[in-house]
Amino acid sequence: MYQRIAGKQWRHIWLVGDLHGCWQPLMAELKARKFNPYQDLLISVGDLIDRGAASYQCLGLLNETWFAAIRGNHEQMAMDAVDNGDMSLWYMNGGAWFLDSAPAIQADIKRLLQKCHQLPYIIEVDCESGLNIVAHADYPSAEYAWQKAVDPQQVLWNRQRLSDHFAGRHVPITGADHFWFGHTPLQERYDVGNQHYIDTGAVFGGELTMVQLQ
Ligand SMILES: [Mn+2]
């Protein structure tokens with residue numbers, strides 16, 4: 001469930017919001033930041049696929065040595081669909097690109113989705129900006145701890161903490177310097193205390209948010 005990344009192994013570490021198939025915008029952002037694939041690391045907050053123009057290319061990022069990701073609810077839906085043969089939930093949520101792909105591409109997508117079973121729910125990055133925790137929707141606990149058992153469904157789907165923030169009820173999380181989440185498209189990134197919400201709806205015409213952790 002947890003993966004640990006040591007910052008000292010990398011020059012720069014970048015975090016990117018929900019891609020949802022926005023491969024071209026990602027390449028443009030990496031180029032603008034002079035991202036070096038031999039020295040730098042890019043971490044995704046999950047939801048690489050569905051809705052956008054290039055889900056297959058984004059899923060293929062899992063093959064790159066300079067790329068790390070946690071799992072999003074869209075990767076989970078895709079894995080579940082392929083594993084149990086019931087495609088309906090995934091297709092309703094932007095998964096039709098799989099059906100529209102040629103048979104050889106579908107076979108490769110299935111191989112990549114097998115790789116997704118290895119994706120952690122939570123990545124811990126210890127680097128120059130401190131102890132950074134990355135999860136897709138929420139870290140469903142009042143205090144972070146390495147390897148603490150938390151509800152995986154809540155990690156992938158929970159919007160309650162963010163709703164509470166918008167209602168003026170700011171529920172903190174202790175145990176790390178920063179918490180980074182995606183999942184809920186916002187007009188602009190939302191920072192409250194040590195919590196940061198960076199899905200700025202790139203696939204819906206918004207910006208693709210990138211953050212430098214180191
Ligand atoms: Mn999501």
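The values are calculated or read from the model by the stated rules, or taken from the named source; none is laboratory data. Treat the numbers as computed from the prediction; the structure is a model and nothing was measured. All Cβ positions, glycine included, derive from the backbone under ideal geometry; neighbour counts span all protein chains shown.
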Counted residues, the stretch 114-123 - those being within 22 Å of residue 14 (Cβ to Cβ) and part of a loop (DSSP other than H, G, I, E, B) = 4
What are the pairs, 6+ residues apart or on separate chains, where a residue within the stretch 44-55 that is without any contact (Cβ under 8 Å) to a residue 40 or more places away in the chain has its Cβ under 8 Å from a residue that is in a helix (DSSP H, G or I) and within 10 Å of the ligand (Cβ to nearest atom)?
-> 48/74; 48/75
Report yes if residue 140 is within 16 Å of the ligand (Cβ to nearest atom) and in a loop (DSSP other than H, G, I, E, B), otherwise no.
-> yes
Residue 52 is checked against (1) loosely packed, with under 15 Cβ neighbours inside 10 Å; (2) in contact with a Cys (Cβ under 6 Å, 6 or more places away or on another chain) and fails just one. What number does that condition carry?
-> (1)
Taking the stretch 124-137 and keeping only residues that are more than 16 Å from the ligand (Cβ to nearest atom) and assigned to a strand (DSSP E or B), one is left with 124, 125, 126, 127, 130, 131, 132, 133
Can you tell me how many residues in the stretch 116-152 are under 28 Å from residue 54 (Cβ atoms) and surrounded by 13 or more Cβ atoms within 10 Å (Cβ to Cβ)?
-> 14
Restricting the first residue to the stretch 176-188 and requiring it to be without any contact (Cβ under 8 Å) to a residue 60 or more places away in the chain, which pairs with a second residue that is within 9 Å of the ligand (Cβ to nearest atom) and of a type outside the set (Lys, Arg) meet a Cβ separation below 8 Å and a spacing of at least six or different chains?
-> 184/137; 184/199; 186/199
In the stretch 201-212, is there at least one residue being away from the ligand (no atom under 15 Å from the Cβ), of a type in the set (Asp, Glu), touching a strand residue (DSSP E or B) at 6+ places or on another chain (Cβ under 7 Å) and assigned to a loop (DSSP other than H, G, I, E, B)?
-> no
Selection from the stretch 86-108 of residues more than 16 Å from the ligand (Cβ to nearest atom) and closer than 30 Å to residue 149 by Cβ yields 86
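Among the listed residues 111, 161, which satisfies the condition of being more than 16 Å from the ligand (Cβ to nearest atom), assigned to a helix (DSSP H, G or I) and either on the phi > 0 side of the Ramachandran plot or not small (Gly, Ala, Ser) (or both)?
111
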May I ask you to verify whether residue 105 is of a type outside the set (S, T, N, Q) and touching a helix residue (DSSP H, G or I) at 6+ places or on another chain (Cβ under 7 Å)?
-> yes
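Which residues, counting only those in the stretch 164-184, are within 14 Å of the ligand (Cβ to nearest atom) and polar (S, T, N, Q)?
184
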Tabulated pairs, the stretch 147-165, first at pLDDT 95 or above, second part of a helix (DSSP H, G or I) and exposed (fewer than 14 other Cβ atoms within 10 Å of the Cβ), C-beta under 8 angstrom, 6+ apart or interchain | none
Listed by range, strands (runs of 3 or more DSSP E) wholly within the stretch 1-99 having at least 2 residues that are of a type in the set (Gly, Ala, Ser) and touching a Leu at 6+ places or on another chain (Cβ under 9 Å) are 67-69
Scan the stretch 74-93 for residues that are under 18 Å from residue 19 (Cβ atoms) and in contact with a helix residue (DSSP H, G or I) (Cβ under 7 Å, 6 or more places away or on another chain) and jot them down.
-> 75, 76, 77, 78, 79, 90, 93
